[in-house]
Structure formats: structure tokens, C-alpha cells
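Trainee: Just passing along the structure, written as C-alpha cells.
The values are calculated or read from the model by the stated rules, or taken from the named source; none is laboratory data. Given the structure is predicted, the values throughout are model-derived calculations rather than measurements. We place every Cβ from the backbone using ideal geometry, glycine too, and count neighbours over all the protein chains shown.
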Amino acid sequence: MNTLQQIRFVWKPIIFLLCLIPATLVVTDAFELTGRLGANPIEEIQDRFGNWALRFIMITLTVTPLRRVTQWNWLSRFRRMLGLFTFFYAFTHFLTWLILDQEMLLSAILEDLTERPFITLGFAAVVLLTALAITSFTAIRRRMGRNWQKLHNMAYAVAILGVWHYWWQVKKDVTEPQIYAAILAVLLGARIFWHWAHDRKKLTTARLVRQQP
């Protein structure tokens, strides 16, 4: 079994099951099989799904820098799955708010969206993630051509909106949002540096070519 076969038939199923553990624990805790959801179960469910959505977007954005540093190109084969799990946890976070918290009352939903800015930010992130999830498949990527990459660069905007949403939500103790913000700053900073270095190298090469007799 070569490396690609190992990734497809061994490691991808393992990572898939590991990624499902947080959602599974929410269900088993709801039935008090592995724990409890606490005094406010709806808020606890929202927080868990929201936190894991943030963690998965950070993990997804870590794939490319880690691949570049380690030269483990096979890591890129996990990126789409991790991105889809980001969508899964963000969307379940949204559905918990929509169905359990707001009980799908249009007046309450509109009031939250217009009067609570952190919810507006979170909703925008979910909309963008939905577009990324829908267009994540190979056939759609081929049809979109260069526009696909432009759209999927919005993953950076999703991460920023997610951290911002969390920061405004907690209000007082912003320690955890600050940690996510620091991680995101490193991940985006690395990309900016590599892009700058690439452009600098291209300019240097172009100058050398022009100087040749």
C-alpha cells in the first residue's frame, strides 16, 4: 500500500472519526451517558459547537504552513475534509441558535441579527462557509477555474469573522478570543511573508534577466 492509498483508506477514516468525537459527546452528554450539559444546556451546546468551529478553521489554515515547513505535501489531502468539518460545526452552532434558542421565531431572529453585532458577524461567517462548502467538490472547482481560488481565499475572512464574533460575544474575559486571535495572526502573517518573499524573488529574477546581455 503506497502513501496515497494509506491516506485514503487508513488515515482519512481515522481523522474523520476523530473529528466527529466533539459532536458525539454533545449527543451522549445530552442523554447523560458521558456527562452533562449543565444548567443551561442550549447555551452549552452552542458554545461547544462554536468553539469547535473556531478550532477547525484554525486547524484547516494550519495545513498549508505546516506543509511548507515540513515538506509533507500529503497534508494537503486532509484540508478539504477539515474545512468541511469547520462548516459542519459552524452550521450546527447556527442551527442550535436558530432552532433551540430562537425557536425559529422570525421577529426574535431579526432582532438578534440587527441589534446584536456579534450575531451579525457570526451569521456572515456561516454564509461564507456555506458557499465554500458547496463549492468544495472537485467537479465544481474545475468549472469555476480561477474564480474558485478567489472564492476560497474567503476562508481567511471566515476565520477573522469567527474570532471577532467570539470576542464580542464574551465581552469581559477575552482570554480565549485573544488566543485564537494570536494563532490567526501567526497563520496570516506567515502567508503574507511568503507572498512578499515570492514577489521579491520574481522581481529579482526579472531584473537579472533584463541585465543579461
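Trainee: Hey, Phe137 hits all of (1) farther than 17 Å from Phe88 by Cβ; (2) modelled with pLDDT under 95 but one; which does it fall short on?
Mentor: Single failed check for Phe137: (1).
Trainee: Another question about this same structure. Could you check region 69-79 and list, in sequence order, the residues that are among the charged types (D, E, K, R) and surrounded by fewer than 18 Cβ atoms within 10 Å (Cβ to Cβ)?
Mentor: Arg77
Trainee: Additional query: Taking the options Leu151, Leu128, Leu132, name whichever one is touching a residue at least 40 places away in the same chain (Cβ under 8 Å), of a type in the set (A, V, I, L, M) and assigned to a helix (DSSP H, G or I).
Mentor: Leu132
Trainee: May I pose another question? Of everything in region 16-36, what is surrounded by 15 or more Cβ atoms within 10 Å (Cβ to Cβ) and either in contact (Cβ under 8 Å) with a residue 40 or more places away in the chain or among the hydroxyl-bearing types (Ser, Thr, Tyr) (or both)? Give them in sequence order.
Mentor: Answer for region 16-36, where residues must be surrounded by 15 or more Cβ atoms within 10 Å (Cβ to Cβ) and either in contact (Cβ under 8 Å) with a residue 40 or more places away in the chain or among the hydroxyl-bearing types (Ser, Thr, Tyr) (or both): Cys19, Pro22, Ala23.
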